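Colleague: Below are the structure tokens for one structure; questions will follow.
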Amino acid sequence: MKYTPRNDFHLAINDFPHIVLEVNSQSNEADKFRMLLQAACLSRIGNWLRNPDCDDKDRPIAIMAIYIDEGFRAHQYILCQPDVGMVNAILFKVEFVTRVFDLTVPRTAFEFIFQLYNFFSDAEADNDRLLDPKSRLRNAEGSVARKGYPTLTSARTKRRREEKKKKKAVKKSKPNPPQEEEASFDNLSVQREVTRAGYTCTEPISEELTLLAPVSCNSRR
């Protein structure tokens, strides 16, 4: 099983994502941390794709990650690797700055949209500094696939499957809860209560015919 992350939204130019977005779907916000890991990887890959002969070759590629929480607040993260002009800079850590926008407030919602609009211009400029990103990304994908690295989610998926099997086994081993007896006239306790109320239970006319109303008040035979 391969790990194929799919964000709730992303903006890509020439097959390279510059903006990724996740909407809260897990109580522990695991999707937010997964998104930040993806954005950090994109920052490193973007710096690897930079054209060494372009202008501003020492300026890092910036990635925007956005997380919408359950309170409809947008957590904006701008990630980059500083000092990308140094040797082996792609191995350096990724840093980020963050800001929170309350989207229920018109003023801050407008500021958030304005930030997105401005960042799109920067993303286009960053993408122009990449060297043939489409073909290089395809080649990198094929190279990684041939190496046969262990997947990130195989162990977790296997553990979840085992937990589900254990839960099913425990559920099957538990006895079914006692069901309440149906309040029918065949029940002896129901017959006693009916008799105590002044009614008389009549016997069926025959084996083939049964009275539609087997109980009558002050019935006479």
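Colleague: Look at residue 34 and say whether it is surrounded by 14 or more Cβ atoms within 10 Å (Cβ to Cβ) and either out of contact with any strand residue (DSSP E or B) (no Cβ under 9 Å at 6 or more places or on another chain) or at negative phi (or both).
Modeller: So residue 34 fits the description; yes.
Colleague: Taking interchain pairs and intrachain pairs at least six residues apart, which have beta carbon atoms under 6 angstrom, with the first residue in the range 5-22 and assigned by TED's automatic domain parsing to the domain that holds residue 47 and the second aromatic (Phe, Trp, Tyr) and crowded, with 18+ Cβ neighbours inside 10 Å?
Modeller: Here the result reads 22/67, each pair linking the range 5-22 to a residue that is aromatic (Phe, Trp, Tyr) and crowded, with 18+ Cβ neighbours inside 10 Å.
Colleague: From 100, 87, 94, which residue is surrounded by 12 or more Cβ atoms within 10 Å (Cβ to Cβ) and modelled with pLDDT under 90? Before the answer, list the steps.
Modeller: Values: 100 fails: modelled with pLDDT under 90; 87 fails: surrounded by 12 or more Cβ atoms within 10 Å (Cβ to Cβ).
Matching residue, one of 100, 87, 94: 94.
The values are calculated or read from the model by the stated rules, or taken from the named source; none is laboratory data. Quick caveat: nothing in here was measured; it's all calculated off a predicted structure. Don't worry about glycine lacking a Cβ; one is built from the backbone with ideal geometry, like all the others, and counts go over all protein chains shown.
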